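Every read-out reported here was derived from the displayed coordinates using simple, explicitly stated rules and does not represent laboratory data. Not measured: the values here are computed from a predicted model. Positions of Cβ are generated from backbone atoms using ideal geometry, with glycine treated the same way; all protein chains shown enter the neighbour counts.
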Amino acid sequence: MKRIDFLKRAGLGLVTAQIVACKTESVDPTSSSNSSSSSSTTTSGSTNTSCTSTPSETEGPFPTKTPSSLVQNNITSDRSGTKLTVKINIQNKNASCAGLANAIVDIWHCDAAGNYSEYGGTGMQSTNYTTVHFLRGRQVTDSTGLVTFTSIYPGWYSGRATHIHVHVYNSAGTSLLVTQIAFPEDISKIVYAQGVYASHGQADTTNTKDNVFGDGVTYEMSTVTGNTTDGYVLTHNIVVSA
């Protein structure tokens, strides 16, 4: 199946994915102890500040296969792109949105050309990256509910707006939420016009036309600050019931 065909099936797939995302799933908890020049600094986007549960979203079609083996802060590996620091705050809705300590957080996203590690060589993704694990990682939240990753600004692929996948588990390894993080389009346009992103061009899908975010990104939109010279910092609150 081609990637675009997967996306076209989202009308049924999203319903199924939401059921899957909310199922009880256990993992073994594992604790963790090239930009172009631009002088402008940009701030845009918003993040969940209302203690509203973050929506569940599909984790497919490229979820991390063995996330417990990827406990690392820097998930860049050999990928080139504009530096992105990802700061995710996990909040517990059942505790007035206090930070959830010791939660397990997995993230994954595509590279500047729109490709994922651990997959490929098929109609879904022609480039074969089945033996590498770039842009995937796991961290455990600190006492305030924060995890921080070092990565690159995600690229895009046809039919999807820019995004990062997130899977959150409690400290016992029980799945709490699978979701996705959206990006401010004004910043993505700046990033995609320069560096290694320029040859791929601008994203072909907006947040409003995206089959995942098309119902709104109020609680999935990140705040992104920075510039292409120094890199960007993404901050985002994810509210779960723990």
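Around residue 71, which amide H atoms from residues at least 5 apart in sequence, or from another chain, sit under 5 Å from its own amide H, with H modelled in the peptide plane?
Those qualifying (amide H under 5 Å, at least 5 residues apart or on another chain) are 138.
For residue 97, which sequence-distant residues (separation of 5 or more, or a different chain) have an amide H within less than 5 Å of its own amide H, given hydrogens modelled in the peptide plane?
Distant-sequence amide H within range of residue 97: 92.
Please list, ordered by chain and number, the residues whose modelled amide H lies under 5 Å from the amide H of residue 239; skip anything fewer than 5 residues away on the same chain.
Under 5 Å from the amide H of residue 239: 54, 91.
Kindly write out, for segment 127-140 in residue order, the coupling ³J(HN,Hα) from the Karplus curve 6.51 cos²θ - 1.76 cosθ + 1.60 (θ = phi - 60°), rounded to whole Hz, with x marking Gly and Pro.
5, 8, 10, 5, 9, 10, 9, 5, 6, 9, x, 10, 9, 10
Using the Karplus equation 6.51 cos²θ - 1.76 cosθ + 1.60 (θ = phi - 60°), what ³J(HN,Hα) coupling, rounded to whole Hz, does each residue of segment 181-189 give in order, writing x for Gly and Pro?
Each residue of segment 181-189 in turn: 10, 8, 10, x, 5, 5, 6, 4, 4 Hz.
HN-Hα J couplings of segment 87-93 from phi, Karplus 6.51/-1.76/1.60, θ = phi - 60°, integer Hz, Gly and Pro as x?
Result, rounded to whole Hz: 10, 10, 9, 9, 10, 9, 4.
Treat every Asp and Glu Cβ in segment 100-242 as -1 and every Lys and Arg Cβ as +1, leave all other atoms uncharged, and give the resulting dipole magnitude about the Cα centre to the nearest 20 debye.
Around 160 debye, computed over segment 100-242.
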